[in-house]
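For reference, the structure is listed below as structure tokens.
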Amino acid sequence: MDIILLGPPGAGKGTQASLLKDEHGMVQLSTGDMLRAAVNAGTEVGLKAKALMEAGELVPDEVVSGIIGDKLDELGSEQGVIFDGYPRTAAQAESLDEILAERGRVLSYVIELSVDEDALVERITGRFTCAKCGEGYHDIFKQPAVAGVCDVCGSTEFKRRPDDNEETVRTRMQEYRAKTAPILPIYEARGIVRKVDGMGSMADVHEAIEAVLSL
Ligand code: ADP
Ligand code: ADP
Ligand code: ZN
């Protein structure tokens, strides 16, 4: 089963994808994570993406669709994929249809995570991750059990994203409203959109998604 997690920046897509990955063996494909890795590695893709990401603007469609196709080729057909942060434009949604069809894969659901704008800003400005394993945390909503020590890998180094500041967040929200939200009707017409209230706790949202997926 392949699904898309769709929602504005900070809605909880990465958090929910990670829970589905851990509990149900699904594979999380996050274009944001892949692009950040490319920027850090200084690859050609990274060089194209860096300034756009820092400004909160979208990276060109061909660049992201290319990396998604490559990643899918590394997976077995039996592994369910969670698309996290992709597609983000109508052109990407079209590419995804082709990419999936070429590989005999079927998109089962688009989970639309809805969260109030005030809560989004609060979630984004408090977000940090483990520098070693990438586990996600939050200043208020998810502190490590032992202060300063990653629950998962024990590392004591954490990092914050340079684009998680209020000004860039505003641009990212605008990009979402202008380019990403308008792709929902494409999937609504196919009857595969399921709206999930993202305002509850991480566990509540996870349960609601499991109910939709009958997991
Ligand atoms: P996205 O991938 O959609 O940008 P994340 O999953 O990274 O969002 O979540 C953004 C921040 O909000 C993270 O710091 C995360 O720990 C926190 N968070 C995620 N889901 C919830 C929730 N349901 N309640 C409170 N905080 C949350
Ligand atoms: P969030 O879920 O918090 O908005 P992401 O990690 O998904 O953040 O994305 C961070 C940045 O990476 C985006 O602001 C954009 O510049 C770039 N990006 C990620 N995914 C895509 C995509 N599918 N298309 C274009 N740009 C993308
Ligand atoms: Zn860790």
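The values are calculated or read from the model by the stated rules, or taken from the named source; none is laboratory data. For clarity, every value in this text was computed on a predicted model and none was experimentally measured. Quick reminder, even Gly has a Cβ in these numbers, built from the backbone with ideal geometry, and neighbours come from all protein chains shown. Just the protein is used for accessible areas: all its heavy atoms, side chains included, with ligands, DNA and RNA removed. Shrake-Rupley method; radii C 1.70, N 1.55, O 1.52, S 1.80 Å.
If you go through the range 20-35 and pick out every residue that is away from ligand 3 (no atom under 16 Å from the Cβ) and out of contact with any strand residue (DSSP E or B) (no Cβ under 9 Å at 6 or more places or on another chain), you end up with 5.
Name the single residue, out of those in the range 135-162 being closer than 22 Å to A51 by Cα and in a loop (DSSP other than H, G, I, E, B), that is nearest to the chain's Cα centre (by Cα). Full working, then the answer.
If we filter the range 135-162 for residues that are closer than 22 Å to A51 by Cα, which is where we start, we get 159-162.
Filter once more, so that each one left must be in a loop (DSSP other than H, G, I, E, B): 160-162.
Working: R160: 16, R161: 14, P162: 17 Å.
Only one residue fits best here, namely R161.
Please indicate, with yes or no, whether at least one residue in the range 1-8 is within 20 Å of K179 (Cβ to Cβ) and part of a loop (DSSP other than H, G, I, E, B). It would help to see each step written out before you state the result.
The first filter runs over the range 1-8 and keeps only residues within 20 Å of K179 (Cβ to Cβ), leaving 4-8.
Those left that are additionally part of a loop (DSSP other than H, G, I, E, B): 7-8.
Within the range 1-8, one or more residues are within 20 Å of K179 (Cβ to Cβ) and part of a loop (DSSP other than H, G, I, E, B).
Highlighted here are the strands (runs of 3 or more DSSP E) found entirely within the range 67-134 that include at least 1 residues which are within 13 Å of ligand 2 (Cβ to nearest atom), open to solvent by less than 60 Å² (accessible area, probe 1.4 Å) and in contact (Cβ under 8 Å) with a residue 60 or more places away in the chain: 81-84, 107-114. The set of residues in the range 90-127 that are closer than 22 Å to V27 by Cα and within 13 Å of ligand 1 (Cβ to nearest atom) comprises I111, E112, L113. Note on the range 35-65: residues that are part of a helix (DSSP H, G or I) and touching a residue at least 12 places away in the same chain (Cβ under 8 Å) amount to 14. Of all residues in the range 135-147, those that are away from ligand 2 (no atom under 15 Å from the Cβ) have Cβ atoms under 6 Å from Cβ atoms of residues that are small (G, A, S), 6 or more apart or on another chain, in D139/G126; I140/G126. Inside the range 1-36, can you point out the residues that are within 16 Å of ligand 1 (Cβ to nearest atom) and either of a type in the set (S, T, Y) or open to solvent by 60 Å² or more (accessible area, probe 1.4 Å) (or both)? Listed by number, the residues that qualify are T15, S18, K21, D22, E23, S30, T31, D33, R36.
Candidates T156, T180: the one that is under 30 Å from A90 (Cα atoms), of a type in the set (S, T, Y) and modelled with pLDDT of 95 or more is T180.
Among all residue pairs at least 6 apart or on different chains, which show Cβ distances below 7 Å where the first residue, located in the range 150-161, is without any contact (Cβ under 8 Å) to a residue 40 or more places away in the chain and within 16 Å of ligand 2 (Cβ to nearest atom) and the second is aromatic (F, W, Y) and in a strand (DSSP E or B)? Pairs that qualify, where the first residue is without any contact (Cβ under 8 Å) to a residue 40 or more places away in the chain and within 16 Å of ligand 2 (Cβ to nearest atom) and the partner is aromatic (F, W, Y) and in a strand (DSSP E or B), are K159/F128; R160/F128.
Across the range 163-204, the qualifying residues are those that are open to solvent by less than 70 Å² (accessible area, probe 1.4 Å), outside any helix (DSSP H, G or I) and out of contact with any helix residue (DSSP H, G or I) (no Cβ under 7 Å at 6 or more places or on another chain), and the one among them that is nearest to ligand 2 (Cβ to nearest atom) is N165. Are any residues in the range 39-66 open to solvent by less than 50 Å² (accessible area, probe 1.4 Å) and more than 10 Å from ligand 2 (Cβ to nearest atom), and if so, which ones? Across the range 39-66, the qualifying residues are G42, V45, G46, G66.
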